[in-house]
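Have a look at the structure below, then the notes.
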2 protein chains.
Amino acid sequence: MKATIYDVAKRAQVSIATVSRVVSGHARVTEETRARVLEAVHELNYRPNPVAQGLALQSTRTLALIIDRFDQVYPALIVGGAEAEARDHGYHLLVQQLSDLSVDDFLRLVARADGVILSGSTSNQEFLQAAVAQGTPTVVLGHLEPGIRADGVVADNYGGAQAAIQHLLEHGYRRIAHITGPDSSRHAQARLCAYKDALQENNIPLREEYLVKGTYSHESGYAGMSRLLDLPEPPEAVFCADDLIALGAMLAAEAYGLDVPGQVAIVGFDGLETGAYVNPPLTTVYQPLEEIGRVAVRTLLWRIANPNEEPRETVLPTRLLIRRSCGCPAAARAAAVRGAAA
Amino acid sequence: MKATIYDVAKRAQVSIATVSRVVSGHARVTEETRARVLEAVHELNYRPNPVAQGLALQSTRTLALIIDRFDQVYPALIVGGAEAEARDHGYHLLVQQLSDLSVDDFLRLVARADGVILSGSTSNQEFLQAAVAQGTPTVVLGHLEPGIRADGVVADNYGGAQAAIQHLLEHGYRRIAHITGPDSSRHAQARLCAYKDALQENNIPLREEYLVKGTYSHESGYAGMSRLLDLPEPPEAVFCADDLIALGAMLAAEAYGLDVPGQVAIVGFDGLETGAYVNPPLTTVYQPLEEIGRVAVRTLLWRIANPNEEPRETVLPTRLLIRRSCGCPAAARAAAVRGAAA
DNA sequence: CTGAAAGCGCTTACAG
DNA sequence: CTGAAAGCGCTTACAG
């Protein structure tokens, strides 16, 4: 049904080599034969079979992206950026969720791609090792890891979290709690670390009861905040490991009849647009998720072209997005909308 | 570097045909040679090259999914469901965004897949035609279209929207406005249609000024609601084409100093989890997005296996998720959280 | 049960 | 500039 290079060659009365040359544009061909081939290509609506090209060229022009789970806007933005960037370079994108993935499934996917991007979860360590051992160009959405030849692309989680805590301290809060992300998230680890360091630098003792575990979910934010508010001495401010947790925490505060930020301040992380549209608008740390996806793809493409360079790490800046939930004065309506667009 | 079938054959002292047979399991092989081959496979860590298999078998065991834009949780859930289902069947998933996509890019992607799933946007009409013309198994995230041999998988947008309007009418509201989704969304069209029909059935004249265009975004919800509230006679209730619009509308109402739902009721569409964590919790129409992704994949796989069957359409039920923004009495905290889990 | 061979649809040295 | 041929790594009739 679909025309192959043989059909075109026959119709244009040339060899398949010549067809390949004019279609790829990689070699000189007489203008006359070129025209004849192009006409045949057009008439037969010929398009080279990418699978056959993949086999011949030993390159699929496809990249694989492994994300923990496609269930929130976070992964969507990363995939969106990655796909856009890949497309700009003539590449396609294969996606897979980390949860319940076997190494075999993973390697089957990777075998279809020229390289792979792995999420910053500790639970993909096995996959990372397998990919690198195979010599597959690999970038991790996280920091460089000693001894592993994979590049890293990551937001400045530590710096962002630090800025958030700093901001809360400037508000005069001293009793600052933290609802963490999952232990398996390296990003959550960095944010937690920044939280601890910031308190210490300001001579505020770390209280165990102010540290509650969350899972990057509304529900865990709700539950975590409830526990904090049940404490004999509840915190004045809560730094949440992501915006979903923060929204859950806000609802919990309301359920306890507490005003946010009047009675308890809340800060999130991610800078999701939705945070600008809740009441009070959520102060949060913006990280450029789409850009992370794009840079990850660019890095991977660079790595594919330069297999022998030393591992490279790119840290993208985060930015404190000050809205209302931290206790800052009400922004005008216009400002809230502007914040949302950021 | 990576072992091929030839390496295994040599090591096991058999032909590549035999290796292929034991690895695929498609044919009888002596237990003894089988063991020898398996040992070689193991020692060389051999895995068949899926690209070569794709060429030989004329099947890539890969599916393509085209979504308007990966920028919200909506696309994430569809991709998530699709990937999970594809994996369950040993398939991989290639993704691409519709925006700025050329037919050529699209067909290059499709050539790597055994079939394609297309979003329910009118702007992919060209792609749909191209895929079907090529004989590519195709499913659309929308209703069957006359004359087009593609299957359809879609939520009951009409029924869901109808239920939402009905609910608002039962609250006693008569001045009900609608902020639509983009014209290009068939789902938005269905919801709009249900809105109009429901009003008519209840003898409520349609007011042009109560119909404002949105784009499935917080921002358009904010802007649309502002326009509605500027009206000499603002609506008592607003049905929003999706939850993002609804959140934007809620913030606008607050900016106007209006109580939701006391002074203006708001209902959304999608049933996103976040809606359960805003104040007031958003009443909305739940649609099973992950399931839509899964069913789309199942349908596509069925179509690949049965190329000559008549086009099939699957309509998945939607469900009104009653929370607070419609004016229903405050649910207990537990209920709000339960609603979130739904 | 097993092997030799053809075929899947390309690309690209190698000759001419 | 152009063609014949080998090669990419598999699968699967076809013989034996």
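Do the conditions hold for B:Ala237, that is, is it touching a Phe, Trp or Tyr at 6+ places or on another chain (Cβ under 8 Å) and under 20 Å from B:Tyr277 (Cβ atoms)?
no
Inspect the stretch B:273-284 for any residue being touching a Ser or Thr at 6+ places or on another chain (Cβ under 6 Å), crowded, with 21+ Cβ neighbours inside 10 Å and in a strand (DSSP E or B) and give the result as yes or no. Yes, some residue in the stretch B:273-284 is touching a Ser or Thr at 6+ places or on another chain (Cβ under 6 Å), crowded, with 21+ Cβ neighbours inside 10 Å and in a strand (DSSP E or B).
Could you list all residues from the stretch B:202-233 that are part of a loop (DSSP other than H, G, I, E, B) and basic (Lys, Arg)? Within the stretch B:202-233, B:Arg207, B:Lys213 meet the criteria.
Hey, any hits in the stretch B:65-73 for a residue that's more than 11 Å from DNA strand C (Cβ to nearest atom), aromatic (Phe, Trp, Tyr), within 21 Å of A:Leu65 (Cβ to Cβ) and under 43 Å from the mean Cα position of the chain (by Cα)? Yes: the stretch B:65-73 contains one or more residues that are more than 11 Å from DNA strand C (Cβ to nearest atom), aromatic (Phe, Trp, Tyr), within 21 Å of A:Leu65 (Cβ to Cβ) and under 43 Å from the mean Cα position of the chain (by Cα).
Would you pick out the residues in the stretch A:20-41 that are over 41 Å from the mean Cα position of the chain (by Cα) and within 11 Å of DNA strand D (Cβ to nearest atom)?
A:Arg28, A:Val29, A:Thr30, A:Glu31, A:Glu32, A:Thr33, A:Arg34, A:Ala35, A:Arg36, A:Val37
If you go through the stretch B:303-334 and pick out every residue that is assigned to a helix (DSSP H, G or I), hydrophobic (A, V, I, L, M, F, W, C) and in contact (Cβ under 8 Å) with a residue 60 or more places away in the chain, you end up with 1.
Select from the stretch B:106-135 the residues that are of a type in the set (S, T, N, Q), in a loop (DSSP other than H, G, I, E, B) and surrounded by 21 or more Cβ atoms within 10 Å (Cβ to Cβ) and list them in ascending order.
To start, the set of residues in the stretch B:106-135 that are of a type in the set (S, T, N, Q) comprises B:119, B:121-125, B:129, B:134.
Next, from what is left, pick out any that are in a loop (DSSP other than H, G, I, E, B): B:119, B:134.
B:Ser119, the sole residue that qualifies.
Residue selection: B:Leu94 fails the criterion of being over 29 Å from A:Ser217 (Cβ atoms), facing chain A (nearest Cβ under 9 Å) and away from DNA strand D (no atom under 16 Å from the Cβ). Kindly provide the set of residues from the stretch B:20-41 that are of a type in the set (D, E, K, R) and touching a residue at least 24 places away in the same chain (Cβ under 8 Å), ordered by number. Residues satisfying the conditions are B:Arg36, B:Glu39.
Of all residues assigned to the stretch B:146-160, at least one qualifies as being at pLDDT 95 or above, of a type in the set (Gly, Ala, Ser), in a loop (DSSP other than H, G, I, E, B) and assigned by TED's automatic domain parsing to the domain that holds B:Pro75.
Name the single residue, out of those in the stretch A:10-19 being in contact (Cβ under 8 Å) with a residue 12 or more places away in the chain and near DNA strand D (Cβ under 10 Å from one of its atoms), that is nearest to the other protein chains (Cβ to nearest Cβ).
Residue satisfying both the conditions and the ranking: A:Val19.
For the stretch A:285-302, give me each residue that is in a strand (DSSP E or B) and either in contact with a helix residue (DSSP H, G or I) (Cβ under 7 Å, 6 or more places away or on another chain) or buried (at least 23 other Cβ atoms within 10 Å of the Cβ) (or both). The one that is in a strand (DSSP E or B) and either in contact with a helix residue (DSSP H, G or I) (Cβ under 7 Å, 6 or more places away or on another chain) or buried (at least 23 other Cβ atoms within 10 Å of the Cβ) (or both): A:Val285. Name the single residue, out of those in the stretch B:195-238 being small (Gly, Ala, Ser) and without any contact (Cβ under 8 Å) to a residue 40 or more places away in the chain, that is farthest from the other protein chains (Cβ to nearest Cβ). The qualifying residue farthest from the other protein chains (Cβ to nearest Cβ) is B:Ala198. Scanning the stretch A:1-21 finds one or more residues that are more than 14 Å from DNA strand C (Cβ to nearest atom) and exposed (fewer than 15 other Cβ atoms within 10 Å of the Cβ).
Here B:Asp88 meets each of (1) more than 28 Å from A:Ala52 (Cβ to Cβ); (2) among the charged types (D, E, K, R); (3) within 16 Å of DNA strand C (Cβ to nearest atom); (4) modelled with pLDDT of 95 or more with one exception, condition (3). Residue count for the stretch B:97-128, restricted to those that are within 14 Å of chain A (Cβ to nearest Cβ) and either touching a helix residue (DSSP H, G or I) at 6+ places or on another chain (Cβ under 9 Å) or closer than 18 Å to B:Ile78 by Cβ (or both): 19. Provide a single number: the residues in the stretch B:42-90 that are in contact (Cβ under 8 Å) with a residue 60 or more places away in the chain and either in contact with a Cys (Cβ under 6 Å, 6 or more places away or on another chain) or within 16 Å of DNA strand D (Cβ to nearest atom) (or both). Total satisfying the criteria: 0.
On inspection, B:Val51 qualifies as within 12 Å of DNA strand C (Cβ to nearest atom), crowded, with 19+ Cβ neighbours inside 10 Å and either within 14 Å of another protein chain (Cβ to nearest Cβ) or among the aromatic types (Phe, Trp, Tyr) (or both).
Scanning the stretch B:248-306 for residues that are basic (Lys, Arg) and either within 13 Å of another protein chain (Cβ to nearest Cβ) or closer than 18 Å to B:Pro234 by Cβ (or both) yields one hit, B:Arg294. Restricted to the stretch B:26-39, and to residues there that are loosely packed, with under 10 Cβ neighbours inside 10 Å and part of a loop (DSSP other than H, G, I, E, B), the residue that is nearest to DNA strand C (Cβ to nearest atom) is B:Arg28. Scanning the stretch A:91-105 for residues that are in a strand (DSSP E or B) and either closer than 22 Å to A:Ser185 by Cβ or without any contact (Cβ under 8 Å) to a residue 24 or more places away in the chain (or both) yields a count of 3. Screening A:Ser99, A:Ser59, A:Ser15 for residues that are more than 39 Å from the chain's Cα centre (by Cα), farther than 20 Å from B:Gln134 by Cβ and polar (S, T, N, Q) leaves exactly one candidate, A:Ser15.
The values are calculated or read from the model by the stated rules, or taken from the named source; none is laboratory data. Please read these numbers as outputs of a predicted model, since none were measured by experiment. Cβ: placed from backbone, ideal geometry, glycine included. Neighbour counts: every protein chain shown.
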